[in-house]
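Colleague: Before anything else, here's the structure in question.
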């Protein structure tokens, strides 16, 4: 019975194009339920549960090596790329579908759950083609559609004004702050329904960071955002909810203000008050 | 921050010991630099000396007539030109490249991207490394037994081209694989996170990034294959041909022509001229490959 239900729900992901509209009407919150991940037999995530609510920002904080990136990777199936890593139990529900299910097409998951990495990377092509990289793979776009997607995504990531006159320049000529916004535009051009960001500002200067934060605040009006950050001030500034991971365990989570002002766990208190880390 | 006298004396003392340590280190560094400079010069002088010697010996032979005429004289080759040898070597190089390139790209891409970290890929890699180390005369013998005799290709351009392709293949596979593997993993992560396939990633990101390394490997492979006489000696080359090269017919090649001229003491000057043409040919080939390298990678980096 349960297997039958699972196949039924995964079907919709497989045939997404035909049933897309009714699914899109469901709230886009993402639910992580008791997920356990092992990498070469070592437990990296231990029964982590959390929710990325629609139109809210969830910040994932915690010491290095606590499994923050692994959680992000599990959420859009980029975990499959790491040799030896697998989800041993638990599931991730998004629009009533279990993303961890092996029969779900991982490429479709990655397209719908967009991810921005820590290190911005310029593909060896023009700025415009960088933005269209995923789009061109997923569907045939006409010249006009392509131009529209490029303009829209670059405007969303706040880079349009800086590059609109040199869209055909190689992307490698951008500064690192611009490059990270290009990477965000590249992810947004794919039309994601959730945005995951893994320390997107760790390589950037405060001004670029400010621009990206501003952009995240705009983006959250249309989709859920999950951001991993080591910058506690940033987490406090932008997020609505906070998840504190420690050694693969979700030690504490809740509204950001509550986590920062009156955490229940001593370790969380030490961390957010700056006593450790 | 203020420093009192005691601290200052202590600081000076440490800086003095530091500089006395540095003195020994500095001499060592100077000596090492000098040694490396001399060895670096050797790397320049050796090829320069070879080319210089060839120019002195064959410079006067090298005329337009020499590269555009057929061998003449008695014994044949003592006067005249080396046109058929140039044509033969060129067509062998092109044929070998045409056969080896697609195969090597396929093999290299498979090993680097589709069979990453697998036991199978390690075994193949080991075998290919062994292939590179096989002397070219062995390829020549194999080409003769397998292509010329068994497949009845006869001594021909085709048999020689396939033999040269066999020499180029392992070098090029390794070049493709290594160049792809050197591309930082962050490119793979960023691309695959957008939900694209490995094929798309290879086509649009990895190959353009790896292009300079691949071209360098191809140049090495062609130079190695076309420059050696052994593989074509039994499979493709004859003493003299007339007319332009044809697939089923034997050809003359520069290295074997050089070999004949010297071993049968036909003409020292003609031999020097031939060697000079061979060397200059590679110089032109390498520099055009360098340009191709720049062209392929554009200014993306």
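The values are calculated or read from the model by the stated rules, or taken from the named source; none is laboratory data. All of these numbers come straight from a predicted model, not from anything done at the bench. Note that each Cβ is placed from the backbone with ideal geometry, even for glycine, and that neighbours are counted across all protein chains shown.
Colleague: Residue under question is residue A:227, and the condition is that it be more than 12 Å from chain B (Cβ to nearest Cβ), in a helix (DSSP H, G or I) and under 24 Å from residue A:78 (Cα atoms); does it hold? It would help to see each step written out before you state the result.
Modeller: Details: more than 12 Å from chain B (Cβ to nearest Cβ): yes; in a helix (DSSP H, G or I): no; under 24 Å from residue A:78 (Cα atoms): yes.
Spelling it out, it is not the case that residue A:227 is more than 12 Å from chain B (Cβ to nearest Cβ), in a helix (DSSP H, G or I) and under 24 Å from residue A:78 (Cα atoms).
Colleague: Let me ask something else about it. Would you confirm whether any residue within region B:78-89 is assigned to a helix (DSSP H, G or I) and surrounded by fewer than 17 Cβ atoms within 10 Å (Cβ to Cβ)? Spell out how you get there, then give the answer.
Modeller: Taking region B:78-89 and keeping what is assigned to a helix (DSSP H, G or I), we get B:83-89.
Checking which are surrounded by fewer than 17 Cβ atoms within 10 Å (Cβ to Cβ) leaves us with none.
No, region B:78-89 has no match at all.
Colleague: So, residue A:172, is that one closer than 16 Å to residue B:190 by Cβ and surrounded by fewer than 24 Cβ atoms within 10 Å (Cβ to Cβ) or not?
Modeller: Working: closer than 16 Å to residue B:190 by Cβ: yes; surrounded by fewer than 24 Cβ atoms within 10 Å (Cβ to Cβ): yes.
Against the criterion (closer than 16 Å to residue B:190 by Cβ and surrounded by fewer than 24 Cβ atoms within 10 Å (Cβ to Cβ)), residue A:172 qualifies.
Colleague: Okay, moving on. Return a yes/no flag: does region B:185-200 have any residue that is away from chain A (no Cβ under 14 Å), touching a helix residue (DSSP H, G or I) at 6+ places or on another chain (Cβ under 8 Å) and either touching a residue at least 40 places away in the same chain (Cβ under 8 Å) or assigned to a helix (DSSP H, G or I) (or both).
Modeller: Step one: filter region B:185-200 for residues away from chain A (no Cβ under 14 Å), giving none.
Taking every residue of region B:185-200 in turn, none turns out to be away from chain A (no Cβ under 14 Å), touching a helix residue (DSSP H, G or I) at 6+ places or on another chain (Cβ under 8 Å) and either touching a residue at least 40 places away in the same chain (Cβ under 8 Å) or assigned to a helix (DSSP H, G or I) (or both).
Colleague: Going through B:112, B:93 one at a time, which residue ends up being within 16 Å of residue B:281 (Cβ to Cβ), within 24 Å of the chain's Cα centre (by Cα) and surrounded by 15 or more Cβ atoms within 10 Å (Cβ to Cβ)?
Modeller: Details: B:112 fails: within 16 Å of residue B:281 (Cβ to Cβ).
Checking each option against the conditions leaves just B:93.
Colleague: Return yes when residue B:89 is within 22 Å of residue B:157 (Cα to Cα), modelled with pLDDT of 90 or more and assigned by TED's automatic domain parsing to the domain that holds residue B:219 and no when it is not. Steps first, answer last, please.
Modeller: Values: within 22 Å of residue B:157 (Cα to Cα): yes; modelled with pLDDT of 90 or more: yes; assigned by TED's automatic domain parsing to the domain that holds residue B:219: yes.
Taking the combined requirement at face value, the residue satisfies it.
Colleague: Right, something else. Of the numbered conditions (1) in contact with a strand residue (DSSP E or B) (Cβ under 8 Å, 6 or more places away or on another chain); (2) at pLDDT 85 or above, residue B:299 fails exactly one; give the number of that condition.
Modeller: (2)
Colleague: Here's a follow-up. Say whether the condition of being within 14 Å of another protein chain (Cβ to nearest Cβ), more than 24 Å from residue B:201 (Cβ to Cβ) and surrounded by fewer than 23 Cβ atoms within 10 Å (Cβ to Cβ) is met by at least one residue in region A:196-211. Before you say what the answer is, go through the steps one by one.
Modeller: Initially, region A:196-211 is screened for residues within 14 Å of another protein chain (Cβ to nearest Cβ), giving A:196-200, A:202-203.
Still in the running and more than 24 Å from residue B:201 (Cβ to Cβ): A:202.
If we keep only those that are surrounded by fewer than 23 Cβ atoms within 10 Å (Cβ to Cβ) as well, we get A:202.
Among the residues of region A:196-211, at least one is within 14 Å of another protein chain (Cβ to nearest Cβ), more than 24 Å from residue B:201 (Cβ to Cβ) and surrounded by fewer than 23 Cβ atoms within 10 Å (Cβ to Cβ), which makes the answer yes.
Colleague: Looking at residue A:133, is it out of contact with any strand residue (DSSP E or B) (no Cβ under 7 Å at 6 or more places or on another chain), within 13 Å of chain B (Cβ to nearest Cβ) and without any contact (Cβ under 8 Å) to a residue 12 or more places away in the chain?
Modeller: Working: out of contact with any strand residue (DSSP E or B) (no Cβ under 7 Å at 6 or more places or on another chain): yes; within 13 Å of chain B (Cβ to nearest Cβ): yes; without any contact (Cβ under 8 Å) to a residue 12 or more places away in the chain: no.
No: the conditions fail for residue A:133.
Colleague: Now, a different point. Considering only region A:161-177, I want to know if a residue exists there that is under 27 Å from residue A:61 (Cβ atoms) and either at pLDDT 95 or above or more than 12 Å from chain B (Cβ to nearest Cβ) (or both). First the steps, then the outcome.
Modeller: Step one: of region A:161-177, the residues under 27 Å from residue A:61 (Cβ atoms) are A:176-177.
Filter again for either at pLDDT 95 or above or more than 12 Å from chain B (Cβ to nearest Cβ) (or both), leaving A:176-177.
Yes, the conditions are met somewhere in region A:161-177.
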